[in-house]
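To start, the structure itself, in structure tokens.
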Amino acid sequence: MELFDLMDQWGPEKIVCVSDRRTGMRGVLVIDNTARGMGKGGTRMAPDLTLGEVARLARTMTWKWAAVDLFHGGAKAGILGDPSSPDKEGILRAFARALRNEVPSEYAFGLDMGLSEADAAIFLDELGDRGAATGLPRELGGLPYDQLGVTGHGVAEAADAAAAELGLETKGATVAVQGFGAVGQATAQRMVELGATVVAVSTSRGAVVDEGGIDVARLTALRAELGDDCVLEYGGAGHVDLALRAPADVLVPAARQDVIGAELASTTTARIVVEGANMPTTPEALRILHERGIVVVPDFIANAGGIIAAAHSMDARYSAFPVDPAVVLDMISTKMRANTATVVAASRRTGRTPHEAALQIAQDRVLAAMRLRGQVAPERKVS
């Protein structure tokens, strides 16, 4: 892919490629669009990373921040390399030093594939500024995202808000969750708190289906001990797809992409699909679900709890007081419910799919900011 092929009227505004001879570090920062605020997006490390991949992820962050109506801009960073390498710390330090001009004035490091809280601490140590990274360990003033289940908490709140828009009661509703990692587990726990009954759960090892309701607390305890084998110990032995096909009012795909195809979209009994994972529904399936009147809460709306928490962490980054988890969860609930209601209402009003409605809302917000900054003429359209 040619570098100029990545550019359009939205961005990227800046692409910074960096390298270090001593460590062999090779990395890139893509700042896509900062009309609504400084660039913020995760930093990933992978042996097959490409510039095109980082640029696409940066654009996704532009829409994601705008869709949840928080004032950051889209950006993403990446390091080409093996995250299990014994030389990882040296590579991370070299990467941070190379981006000293951009971090933290234009971009803040975040956690994505291949990086952990300990790696965020390395960025902080190298640059000496608490604004350099989010996702820090609790001991350094950070917020334990996975422990709190911020993303899954937001997925459940989105499901409840979508149900309210449709006149459905979450209390007494049945829920199927595909994937019982950090997101799926927290989603199931919160749905139970909201009065729903979880009737199906799957991991990579199998599925549990129980029309009478799964004991989520017991399954969670088993996961802490056994990982994905928790479903087998619980008593499940079914194929992983059973969770996707189980009769339920709410379906939450929270694992892999493209798991809901045309056939499943044509047969599911769900009234609401809440995309906890990134891109779990194929474009054809989205069309079929929309035609059947099944509401899909888009991934970049439904799984935005993590970035809402990150935004709160950034706001509090220079405070001497630790981030209050209760305040963060309340903020996620408020934002997720409002954003979901806005998207579902716009979809029903315009006849567009929720994905199309959400993207239009995000683009309108970014374009308004670009016009106010004088980056485009008042009458000019950006496509």
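Efficiency by 1/(1 + (r/R0)^6): what FRET value for residue 284 and residue 360, r their Cβ-Cβ distance, R0 = 25 Å, to the nearest 0.05? According to the calculation, E is roughly 0.75.
Just to be sure I follow: if Rg is taken over the C-alpha atoms of segment 191-255 and Rh is the Kirkwood radius over the same atoms, what is Rg/Rh?
Working: Rg = 10.9 Å, Rh = 11.8 Å.
Value, to two decimals: 0.93.
Which of 109, 300 comes first, and how do the rest follow, when ranked by fewest Cβ neighbours within 10 Å? Intermediate values should be presented prior to the final figure.
Working: 109 30, 300 25.
Fewest to most other Cβ atoms nearby, the residues stand as 300, 109.
Among 40/88; 76/171; 171/335; 40/335; 64/88, which pairs are too far apart, with a Cα-Cα distance over 27 Å? Those over the limit are 76/171; 64/88. Of 257, 145, 99, which is farthest towards the positive pole of the chain's charge dipole, taken about the Cα centre with +1 and -1 on the beta-carbons of Lys, Arg and Asp, Glu respectively? Comparing the listed Cα positions along the dipole, 99 ranks first.
Work out, step by step, the length gained on full extension between residue 239 and residue 266: first 0.36 nm times the residue separation, then minus their alpha carbon distance; give nm to one decimal.
Stretched fully, the residue 239-residue 266 segment lengthens by 7.7 nm.
Along the axis of the charge dipole computed for segment 43-84 (Cβ charges of +1 for Lys and Arg, -1 for Asp and Glu, origin at the Cα centre), the listed residues 49, 79, 66 are led at the positive end by 66.
What fraction, in whole percent, of alpha-carbon pairs in segment 224-368 exceed 23 Å separation? Each step should come with its number before you reach the end.
Working: 4917 of 10440 pairs.
Value for segment 224-368 (Cα pairs over 23 Å): 47 percent.
Before anything else, pin down the relative contact order of the chain: Cα pairs under 8 Å, at least 6 apart, normalised by residue count, whole percent. Don't jump to the answer; show the numbers that get you there.
Details: 816 pairs, mean separation 57.6, N = 383.
With pairs under 8 Å counted, the relative contact order is 15 percent.
Candidates 357, 222, 237 compared by Cα position along the dipole of the chain: farthest toward the positive end lies 357, with charges placed on Cβ.
For the chain, the Kirkwood radius over C-alpha pairs fed into Stokes-Einstein at 4 °C and 1.567 mPa s yields D = 60 µm² per second. The stretch between residue 22 and residue 139, if pulled fully straight at 0.36 nm per residue, gains 39.0 nm over its current Cα-Cα span.
Which cross-chain or sequence-distant (5 or more) residues have an amide H under 5 Å from the amide H of residue 14, H modelled 1.01 Å from N in plane? The answer is 31.
Evaluate 2.2 N^0.38 Å with N set to the residue count of segment 1-80, then give the Cα radius of gyration divided by it. Write down the numbers at each step before the final one.
Working: Rg = 12.6 Å, N = 80, 2.2 N^0.38 = 11.6 Å.
Dividing the Cα radius of gyration by 2.2 N^0.38 Å gives 1.09.
Taking θ as phi - 60° and the Karplus parameters 6.51, -1.76 and 1.60, the scalar couplings of segment 189-205 work out to 4, 5, 5, 5, 4, 7, x, 7, 10, 7, 10, 8, 9, 9, 10, 5, 9 Hz in sequence order, x denoting glycine and proline. When the Debye formula is applied to the Cα atoms of segment 1-159, each taken as the same point scatterer, what base-10 log of I(q)/I(0) results at q = 0.10, 0.17 Å⁻¹? Cα-only, vacuum Debye calculation for segment 1-159: -0.35, -1.01.
Quick note: the coordinates plus some simple rules give every number you see, no bench work behind them. Every value quoted in this text rests on a predicted model; they were computed, and no experiment measured them. Heads up, the Cβs are rebuilt from the backbone with ideal geometry, glycines too, and the neighbour counts pull from every protein chain shown.
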